[in-house]
1. Identify, from the list MET73, MET63, the residue that is hydrophobic (A, V, I, L, M, F, W, C), more than 19 Å from PHE5 (Cα to Cα), assigned to a helix (DSSP H, G or I) and in contact (Cβ under 8 Å) with a residue 12 or more places away in the chain.
2. Could you tell me which numbered condition SER93 fails, if it satisfies all but one of (1) closer than 23 Å to TYR18 by Cβ; (2) small (Gly, Ala, Ser); (3) in contact (Cβ under 8 Å) with a residue 40 or more places away in the chain?
3. Between a first residue in segment 4-20 that is touching a residue at least 24 places away in the same chain (Cβ under 8 Å) and farther than 13 Å from ALA139 by Cβ and a second residue that is of a type in the set (Gly, Ala, Ser) and assigned to a helix (DSSP H, G or I), which pairs have beta carbons less than 7 Å apart while being 6 or more apart in sequence or on different chains?
4. Among what's in segment 1-28 and is of a type in the set (A, V, I, L, M, F, W, C) and assigned to a loop (DSSP other than H, G, I, E, B), pick the residue that is least open to solvent (accessible area, probe 1.4 Å).
5. Any idea which of SER11, SER25 is of a type in the set (Gly, Ala, Ser) and within 17 Å of MET135 (Cβ to Cβ)?
6. Within segment 13-54, take every residue that is closer than 21 Å to MET73 by Cβ and over 19 Å from the mean Cα position of the chain (by Cα) and give me the one that is modelled with the highest pLDDT.
7. Restricting to segment 76-135, and then to whatever is open to solvent by 60 Å² or more (accessible area, probe 1.4 Å) and in a loop (DSSP other than H, G, I, E, B), can you tell me which residue is farthest from ILE165 (Cα to Cα)?
8. So, of the residues in segment 89-144 that are within 11 Å of the chain's Cα centre (by Cα) and of a type in the set (Phe, Trp, Tyr), which turns out to be farthest from CYS79 (Cα to Cα)?
Amino acid sequence: MIRNFIVLLISPKVGWQYIDDKCHSAQRVLGALFYPLLAILAISTFVPMIYDSASHTISSSLMKAIVDFSKYMLSYYLCVYLLSGFYPQFTRSSLAMSKLSNYVIYNLSFLILLSILINVLNGEFSPLYFLELYMPYIAYRGVDFLCVDSKKSVKFVIISSIMMIAFPHIIGWILGSLINR
């Protein structure tokens, strides 16, 4: 799975073809890529304590780890649920649903990787945030993987990209507001 992910980052078109050839189940991709990345993300929230222990305490880092973990986990389930609702062709077979899940997993994994780098580099305004704009390109190249009708592909990419970029930010903001009360 890691190799698939690296190929996808380097060349999205080739990466999606490679992922399609391998045809791994969504559960396997979750266990081999998504969950380990979430664990690394949670651990990376403690890294700023090393070089800025005054403003990053154990409790604040733990709260950030919970928020970061939860926002991507909830975003995954929410995106799969809403996309399968908007596009019922994905619910017609287990293979189509698995491909949709893998599509969301790989795109969110890219965003998780960026979050890990942002946590480790610890910048309030990091240029890495602009790399989130690469995710819609990865999503666009995955339309053939999902066999989306060419007439609906642009609309699908826009909707799915907005969901996958916005949901983690919105959920993170809500959870952060609730935890920091």
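1. Working: MET73 fails: more than 19 Å from PHE5 (Cα to Cα).
Result: MET63 is the single residue among MET73, MET63 that is hydrophobic (A, V, I, L, M, F, W, C), more than 19 Å from PHE5 (Cα to Cα), assigned to a helix (DSSP H, G or I) and in contact (Cβ under 8 Å) with a residue 12 or more places away in the chain.
2. (3)
3. Qualifying pairs under 7 Å: ASN4/GLY15; PHE5/SER109.
4. Just the residues of segment 1-28 that are of a type in the set (A, V, I, L, M, F, W, C), to begin with: 1-2, 5-10, 14, 16, 19, 23, 26.
Subsequent filtering for residues that are assigned to a loop (DSSP other than H, G, I, E, B) retains 1, 23.
Working: MET1: 35, CYS23: 80 Å².
Checked segment 1-28; the qualifying residue least open to solvent (accessible area, probe 1.4 Å) is MET1.
5. Details: SER25 fails: within 17 Å of MET135 (Cβ to Cβ).
Exactly one of SER11, SER25 is of a type in the set (Gly, Ala, Ser) and within 17 Å of MET135 (Cβ to Cβ), namely SER11.
6. Step one: filter segment 13-54 for residues closer than 21 Å to MET73 by Cβ, giving 24-47.
Among the residues that remain, those that are also over 19 Å from the mean Cα position of the chain (by Cα) are: 46-47.
Values: PHE46: 93, VAL47: 90.
If we take residues in segment 13-54 being closer than 21 Å to MET73 by Cβ and over 19 Å from the mean Cα position of the chain (by Cα), then PHE46 is modelled with the highest pLDDT.
7. ARG92
8. Only one residue fits best here, namely PHE110.
The values are calculated or read from the model by the stated rules, or taken from the named source; none is laboratory data. Quick caveat, the model's predicted, so the values are computed rather than measured. Here the Cβ is made from the backbone with ideal geometry for all residues, glycine too, and neighbour counts use every protein chain on show. Accessible surface is based on the protein model in full, side chains and every heavy atom, while ligands, DNA and RNA are left aside. Shrake-Rupley method; radii C 1.70, N 1.55, O 1.52, S 1.80 Å.
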